[in-house]
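Student: This is the structure I want to talk about, given as structure tokens.
The values are calculated or read from the model by the stated rules, or taken from the named source; none is laboratory data. All figures in this text were calculated on a predicted structure; none of them were measured in a lab. Cβ atoms come from the backbone with ideal geometry, glycine included; neighbour counts cover every protein chain shown.
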Amino acid sequence: MTSLIILVIVIFLYWMSKDAQTEKVEHVPLQQEVPVTPAFEKAERKKVNFTEILRLAKVSFAEGEAGICKTIVDVFFASTCKVDSICQLELSDNSLNKQSDNLKNANKYFYVTKFVQKYGNSYSEDDLFKLKELLNLQDFCFNEDQVKKIITEEEREQGYLNFKKMAFPYSSKSLHDYTKAFAKIFYKDFTALKDKGEDIKRLSDDFMDPLDVVLFDIEKIIDQVIAVTHKIYFLKRLLLESKIELKDKDGKEVNNEELTKMIIDAKNGYELEKFEERLLKDKTYSIEDVDLMSGYEFEAFLKTLFKKMGYSVEQTKLSGDQGADLIVNKLGETLVIQAKRSNSKIGNKAIQEVVASINHYNAQRGMVITNNEFTPAAIELAHSNKIELVDRIELKNLFKEYF
């Protein structure tokens, strides 16, 4: 009996061993038949969809801006991203416009105007709630989403009033002259879009998912696309108010998309003019010149640079500057700048100072500029506080553009 039990156990162990060998043999060919390559991973991964990203960002466009936005993205980002319906987004709410008109008729709209002048788009949820409550005390019944939209409309209106103050050829009746002036004033905005589009394409060509590339900087990309869209829309409005015919050189009517392409062509022409100017110029500045400057000379130099970039510039006092060396303004947006000419890397202190100065000067943006580099900790702190950094390399690029 004992022998029989032993025999059964031996047979059982034998068959178990055979099954395990079979499973092992069958598993190897399966791995060999489906090799995992970078190209395979790229083909299988989901590509970025800007439409959904912009919807999540709750972008609201006025009627007519959608076509402009789509053209911008087609030109600068279409090589890597799906853009078929990028700007088919929420348009202005007509019923809300009527309520805004009622607010104006009741002489209470100045609350909204003052709010935008003070906070821009940098208001807190608590600020928004208090504005809503203040308006509703005046026998209105707005919810927070409606107040946000009214603020957005007022931001756009104040932006347009500042836009009209720019150096446009008001004595001319030529569409070409206006598009050329626009491209010159906002050249930097288009350059930023072009650079970002090229970065995404290059990284995508290296088998990286465009979504991975974009997400780190997605807020900045959205802001850039929306800002340029609004400005082109402002130009269209200005042209209509100035009774400039929207026709090309052949007398054909120009729509929003074609106007956008005309502006991009004008930008490319201006880029060539600047290149020719730099090529023929005898004296140019170099980063080595900055290295020899004092701190105050560096501030004065940056004052000249930002004036060339189309900003109005105010230089703060040498002492008690509250964290900002320069206060610059363009199109109603205030930017505070901390200037750091240094022989060593810039750390967290400069970032902390400019963060504090944003509230003190009621600014919308903050920036630190240096002839050196930033420490990793400073870069991380700047990113979390949305502070723009201009290091030695970016400063050299600005020299090439404006000196």
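Student: What pairs can you find where one residue is in the range 165-185 and in the same structural domain as residue 231 (by TED's automatic domain parsing), the other is of a type in the set (Lys, Arg), and their Cβ atoms are less than 8 Å apart, with a gap of 6+ or different chains?
Tutor: 173/243; 175/247; 176/249; 182/231; 183/267
Student: On to the next question. Which ones in the range 239-279 are of a type in the set (A, V, I, L, M, F, W, C) and within 24 Å of the chain's Cα centre (by Cα)? Don't jump to the end; show me each part of the working.
Tutor: First pass over the range 239-279, keeping only residues of a type in the set (A, V, I, L, M, F, W, C): 239-240, 244, 246, 254, 259, 262-264, 266, 272, 275, 279.
Of everything in the range 239-279, those that are of a type in the set (A, V, I, L, M, F, W, C) and within 24 Å of the chain's Cα centre (by Cα) turn out to be 259, 262, 263, 264, 266.
Student: Among (1) within 23 Å of the chain's Cα centre (by Cα); (2) assigned to a helix (DSSP H, G or I); (3) closer than 30 Å to residue 230 by Cα, there is one condition residue 378 misses while meeting the rest; what is its number?
Tutor: Unmet for residue 378, out of (1) within 23 Å of the chain's Cα centre (by Cα); (2) assigned to a helix (DSSP H, G or I); (3) closer than 30 Å to residue 230 by Cα: (3).
Student: All but one of (1) closer than 17 Å to residue 107 by Cα; (2) among the hydrophobic types (A, V, I, L, M, F, W, C); (3) part of a helix (DSSP H, G or I) hold for residue 128; state the number of the condition that does not hold.
Tutor: Against the list (1) closer than 17 Å to residue 107 by Cα; (2) among the hydrophobic types (A, V, I, L, M, F, W, C); (3) part of a helix (DSSP H, G or I), residue 128 comes up short only on (1).
Student: If I go through the range 131-182 residue by residue, how many of them are aliphatic (A, V, I, L, M) and either assigned to a loop (DSSP other than H, G, I, E, B) or farther than 26 Å from residue 100 by Cβ (or both)?
Tutor: Residues meeting the conditions: 5.
Student: Going through the range 86-117 one residue at a time, which ones are at pLDDT 80 or above and within 31 Å of the chain's Cα centre (by Cα)?
Tutor: 109, 110, 111, 112, 113, 114, 115, 116, 117, listed by residue number.
Student: Any chance you could count how many residues in the range 328-342 are in contact (Cβ under 8 Å) with a residue 40 or more places away in the chain and assigned to a loop (DSSP other than H, G, I, E, B)?
Tutor: Looking only at that region, the number is 3.
Student: On to the next question. Please determine, by comparing only the residues of the range 388-402 that are out of contact with any strand residue (DSSP E or B) (no Cβ under 7 Å at 6 or more places or on another chain) and aliphatic (A, V, I, L, M), which one is modelled with the highest pLDDT.
Tutor: Across the range 388-402, the extreme among qualifying residues is 393.
Student: Still on this structure, I have one more. Could you give every pair whose Cβ atoms fall below 7 Å, whose first residue belongs to the range 312-326 and is over 15 Å from residue 350 (Cα atoms), and whose second residue is modelled with pLDDT of 75 or more and of a type in the set (S, T, N, Q), counting only separations of at least 6 or pairs across chains?
Tutor: Taking only residues 6 or more apart or on different chains, the pairs are 312/329.
Student: Against the definition (modelled with pLDDT of 90 or more and in contact with a helix residue (DSSP H, G or I) (Cβ under 6 Å, 6 or more places away or on another chain)), how does residue 328 come out, yes or no?
Tutor: Judged against the criteria, residue 328 is a match.
Student: Of the residues in the range 364-403, how many are closer than 23 Å to residue 271 by Cβ and free of Cβ contacts under 8 Å to residues at least 12 places away in the same chain?
Tutor: Number of matching residues: 3.
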